[in-house]
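Worksheet for the structure shown next.
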Amino acid sequence: MEAIRKKIMPFVELTCLRTDKFKTGCLSVNLLTRLSRENASKNALIPHVLRRGSTGHPDMESISAALDELYGARIEPVVRKKGEVQAVGFFADFADDAFVPGGEQVLEKVTALMGELLLSPNTRGGLFLPAYVDSEREKLLERLRARINDKRSYAVQRLFELMCFSEDYATDRMGTEEEAQSINYQKLTRHYKQLLQCAPIEVFYCGGADPLRVERAVKSALVTLLRGEPDEDIGTDIRINTVEENPRYFTEELSITQGKLSVGFRLGECMYNPNMAAIRVFNAVYGGSVTSKLFMNVREKLSLCYYANSAIDRHKGLMVVSSGIEFDKYDAALSEIFAQLEAVKKGDITDDELAAARKAVATELRSAMDSSGALEDFWLAQNVDGLYYGPEELAALAESITRDEVVEVAKGVECDAVYFLRGLSEEGEKANGD
Amino acid sequence: MEIRKFENIQETLYTDVLPNGLTINVVTKPVWLKCFALFATGYGGADRRFNLGGQWVDTPAGVAHFLEHKMFDTPDGDNALAVLSANGAQPNAFTSNSMTAYYFESTQGFYDNLRTLLSFVSVPYFTPESVEKEQGIIGQEIRMIEDNPGFVVYLNLMKSLYARNPIRDSVAGSIESIAQITDKTLYDCHRIFYNPSNMVLCVAGDVDPERISAMAAEILPKEPGEVPQRDYGEKEGPLPVKTRTEVNMEVSAPQFIFGSKVFQAEKGAPLLRQKLTVNLALRCLMGRSSPFYARLYAQGLLNNDFGYDLDYSGGYGTIMAGGESSDPEKVISELSKEVSAVADKGLDEALFSRIKKAAYGSRLRSLGSFGVLCQNLAEGKFAGYCDLDAFHVLEEITVSEVRDFIANNLAQDKLAMSVVHPLH
């Protein structure tokens, strides 16, 4: 399953993976832009407003009816953050022609509808409909406010906001409430037109169709796209060092019964010339798998928490350890999280731990090859970083990573900030007294 | 071994029933790199009262889930989760009200991993110390889910719909109920519910069905055991116990679920047809292309989180629909208007026909997820049907069946609603 990449229009790249494996194909169109506090909410709002109605399908009901007719095809807005690059657009998945009664050509119809949604919105006087913008802005605000409902991810988000306060990375993929509140239909239409002209576009297809057929369908769907000067200022600033010499500590309170601890790290020197396979294996050894040191020690051996794992943002060179703990286990859990990192730095990694971590990374990458959605996300990330090897190559590299290579990554890793979300003071004391 | 080819969807299903009563379903998937295996027992959170040698036994809430956690401990001191992970598999497990399932996905060493899976699930090993330690870990899990508004809003709906059925309680139990669990409770429940005739093994991948059957026959107990008789309490009435349950928590906007109960059709083909009918009904009534959803979305009363689900356990089907809304009462009253309109005027034929196409496409999509495929096959085994028959049964369902279902099961008096409001 080889990825074929081709420039099909000015700064529009098409990546095609042809395979007969799946019964449903997928197609995505992503506009790339710099993640910023000023514009992130506008960018995030655009695909949602576009999904409300086009010239040919003026409201959601008519769009949904058209999708039902295409055997339940889906075209959904997607807003992603890849380091400090924001990618907004649509993701479609739909039945492959071979499984559709009557052999209808679903690909062309879905691609055309996606192009129509992207380029021919339902407007009045050339401007987005105020009703669509207002209601989608309110929904965006609801989503931004709803982040607090999931305390685990909320604690990670708050950590990044505080830890990276002076970096674009602090901004959520959906932007901020302040910016979202200031959006109106005129402002958003202006921004949309500019985005269409300047944003590099990544199109991805995975399914049974021949790449030439896909190219024809995509070109025909994007024929009215007018391109201006490309936005060159897209990429991620990687900070190698921590902001201060010692970690910064933050504590916040909410009415909850279980504490959430998030610990943020800079990956450090390995980001000068990143060995992605080694970084992934390091993460699996330390906290990214069920055989990891965090899982085996903090959770299983010491019962300090219900969950403890680490995750990497490879674009930005960050790692976060996320854990759910009793309020009074804070000191014990934190010192164990640090102690396990020290162990990795010292090369205190058994052969079994290393082998299991390599396998976990390779398995995850190979499993992605069996999911068109996972492949899409993998290739978007690769394309954003200008890397052109596939999951199989990365899996093979991971299998040969040595202990020294893992230690080499670990050595540069430094804690930058610690965030603890605990219960309200009086409730917290009560819970601790149990 | 029975081989069934489903030409319409290009799938082949191998089914075997071993002398010990175990059912094995294998869907062969050439070209795929990963293999998926799910080993499940028809024992879940709702199975708390059952007949053992002529005597009725009551167990505390949370045993099935507790057992799931403890099954990973093996007599030689290893943890099966770690053994599978070390061999490159991604293992996990879940307990629902009606099923406990252990599964893994792997891209290498499939048969080694399958051997581990079959072995650890069939050999119990508990000590008083390990049970006590687990009470701490599960206690944490219970606290965590109690903080989760999505869980609270769901459980309050179940308590509103049912008067006695054990599905009113959390599958994980409570801190108090799990404190009553001992190693003996676990051994007893394992012996009763983890016998091969009460279990199913489902596999998807580029595998050899004969080799899988042979391995299962070699590892698992030779005796079939019996499928235990369960009691879910006295039959529930058709109406909810309570129409509204509202609480306050730390959330940004009101979270709601409304729902109704469905009297379960007879196991086998009638049950599959009922499930598919209910799904079509919900899609027509409140799916993405329904007039109801489009109108309420445009009015700002619903957002993309809105969804619906159908679950069968404890002898009932439960319909649930919910999400986030500034005005849940308005949502449920608008839905009731739609239901009355369908009851009076019938369902729009054009809507029904395109909804059927969409339902077909959704099912086709689900075949791409081995986890969903295997879970559906396992559910089908416990409910007496083959899930892959759904594609042609779907074609047979008529507009009037769906209309009748809506009119009879979703009328206003059948619905209960649970809401979690913000604190401030």
If I filter the stretch A:1-25 down to residues being more than 10 Å from every other protein chain (Cβ to nearest Cβ) and not in a strand (DSSP E or B), which single residue comes out as surrounded by the most Cβ atoms within 10 Å (Cβ to Cβ)? A:Phe11
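Conditions tested, residue by residue: (1) away from chain A (no Cβ under 14 Å); (2) in contact with a strand residue (DSSP E or B) (Cβ under 7 Å, 6 or more places away or on another chain).
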position: B:Arg365; (1), (2): no, yes
position: B:Gly371; (1), (2): no, yes
position: B:Gln375; (1), (2): yes, yes
position: B:Glu379; (1), (2): yes, no
position: B:Asp389; (1), (2): yes, no
position: B:Glu401; (1), (2): yes, no
From the set of residues in the stretch A:118-132 that are free of Cβ contacts under 8 Å to residues at least 24 places away in the same chain and not in a helix (DSSP H, G or I), which is farthest from B:Ser252 (Cα to Cα)? A:Gly125
Going by the structure shown, is A:Ser36 under 16 Å from the mean Cα position of the chain (by Cα), more than 14 Å from chain B (Cβ to nearest Cβ) and over 30 Å from B:Leu285 (Cβ atoms)? yes
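Rundown of residues vs (1) part of a helix (DSSP H, G or I); (2) under 18 Å from A:Tyr205 (Cα atoms), yes/no style:
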residue	(1), (2)
A:Ile63	yes, no
A:Val78	no, yes
A:Phe90	no, yes
A:Gly103	no, no
A:Thr111	yes, yes
A:Glu116	yes, yes
A:Asp134	yes, no
A:Lys139	yes, no
Exactly one of A:Ser166, A:Ser153 is within 14 Å of another protein chain (Cβ to nearest Cβ) and more than 19 Å from A:Ala87 (Cα to Cα), and that one is A:Ser153
Identify all residues within the stretch A:86-142 that are charged (D, E, K, R) and more than 14 Å from chain B (Cβ to nearest Cβ); write none if there are none. A:Glu108, A:Glu116, A:Arg124
Quick check: anything in the stretch A:90-102 surrounded by fewer than 21 Cβ atoms within 10 Å (Cβ to Cβ), at negative phi and at pLDDT 95 or above? no
Pairs needed: first member in the stretch B:143-164, more than 11 Å from every other protein chain (Cβ to nearest Cβ); second member anywhere, of a type in the set (Lys, Arg) and surrounded by fewer than 23 Cβ atoms within 10 Å (Cβ to Cβ); C-beta distance under 7 Å; at least 6 residues apart or different chains. B:Met158/B:Arg168; B:Lys159/B:Arg168; B:Ser160/B:Lys242; B:Tyr162/B:Arg168
Considering every residue within the stretch A:44-54, establish whether at least one is assigned to a strand (DSSP E or B) and crowded, with 24+ Cβ neighbours inside 10 Å. no
B:Phe104 fails exactly one of (1) under 30 Å from A:Asp351 (Cα atoms); (2) of a type outside the set (Lys, Arg); (3) assigned to a helix (DSSP H, G or I); (4) within 14 Å of chain A (Cβ to nearest Cβ), namely (3)
Is there any pair linking a residue in the stretch A:227-253 that is under 26 Å from A:Pro274 (Cβ atoms) to one that is of a type in the set (Val, Ile, Thr) and crowded, with 16+ Cβ neighbours inside 10 Å, with Cβ under 6 Å and at least six apart or on different chains, and which? A:Ile234/A:Val85; A:Pro247/A:Val418
Condition test on B:Glu236, is it free of Cβ contacts under 8 Å to residues at least 60 places away in the same chain, outside the structural domain of B:Val63 (by TED's automatic domain parsing) and part of a loop (DSSP other than H, G, I, E, B)? no
Given A:Thr171, A:Thr189, which one is in contact with a Leu (Cβ under 9 Å, 6 or more places away or on another chain), of a type in the set (Val, Ile, Thr), surrounded by 14 or more Cβ atoms within 10 Å (Cβ to Cβ) and under 20 Å from A:Arg37 (Cβ atoms)? A:Thr171
Scanning the stretch B:107-136 residue by residue, those touching a Ser or Thr at 6+ places or on another chain (Cβ under 6 Å), assigned to a helix (DSSP H, G or I) and within 14 Å of chain A (Cβ to nearest Cβ) turn out to be B:Asn113, B:Gly136
Which numbered condition A:Tyr205 misses (of (1) out of contact with any Cys (no Cβ under 6 Å at 6 or more places or on another chain); (2) in the same structural domain as A:Ala98 (by TED's automatic domain parsing); (3) outside any helix (DSSP H, G or I)): (1)
Evaluate the following for A:Ser62: is it free of Cβ contacts under 8 Å to residues at least 60 places away in the same chain, within 11 Å of chain B (Cβ to nearest Cβ) and not basic (Lys, Arg)? yes
Which condition number in (1) crowded, with 22+ Cβ neighbours inside 10 Å; (2) within 14 Å of chain A (Cβ to nearest Cβ) is the one that B:Glu338 fails? (1)
Looking only at the stretch A:357-412, how many residues end up being more than 14 Å from every other protein chain (Cβ to nearest Cβ), under 22 Å from A:Arg18 (Cα atoms) and among the hydroxyl-bearing types (Ser, Thr, Tyr)? 2
List, please: which pairs have Cβ atoms under 7 Å, are six or more places apart or on different chains, and start with a residue in the stretch A:288-304 that is more than 11 Å from every other protein chain (Cβ to nearest Cβ) and end with one that is part of a helix (DSSP H, G or I) and hydroxyl-bearing (Ser, Thr, Tyr)? A:Lys293/A:Tyr286; A:Leu294/A:Tyr286
Looking at the stretch A:166-219, which of its residues are closer than 30 Å to A:Arg266 by Cβ and of a type in the set (A, V, I, L, M)? A:Ala170, A:Met174, A:Ala180, A:Ala199
Pairs only if they're at least six apart or on different chains, beta carbon under 7 angstrom, first in the stretch B:292-306 and free of Cβ contacts under 8 Å to residues at least 60 places away in the same chain, second surrounded by fewer than 17 Cβ atoms within 10 Å (Cβ to Cβ) and among the basic types (Lys, Arg); list them, first residue then second. B:Leu301/B:Lys330
Identity of the residue in the stretch B:1-44, aromatic (Phe, Trp, Tyr) and surrounded by fewer than 21 Cβ atoms within 10 Å (Cβ to Cβ), that ends up farthest from the other protein chains (Cβ to nearest Cβ): B:Tyr14
Report, by residue number, each residue of the stretch B:324-335 that is at pLDDT below 95 and surrounded by fewer than 21 Cβ atoms within 10 Å (Cβ to Cβ). B:Ser326
Out of the residues in the stretch B:49-101 that are of a type in the set (D, E, K, R) and under 20 Å from B:Ile181 (Cα atoms), which is farthest from the other protein chains (Cβ to nearest Cβ)? B:Arg49
Specify which of the listed residues (B:Ser213, B:Ser197) is within 18 Å of B:Ala40 (Cα to Cα) and in contact with an Asp or Glu (Cβ under 6 Å, 6 or more places away or on another chain). B:Ser213
Is there a residue being within 14 Å of chain A (Cβ to nearest Cβ), within 25 Å of B:Val331 (Cα to Cα), in a loop (DSSP other than H, G, I, E, B) and not aliphatic (A, V, I, L, M) anywhere in the stretch B:253-266? yes
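The values are calculated or read from the model by the stated rules, or taken from the named source; none is laboratory data. Nothing here was measured: the structure is a model prediction, and the numbers come from that model. Here Cβ is always computed from backbone atoms with ideal geometry, including for glycine, and neighbour counts include all displayed protein chains.
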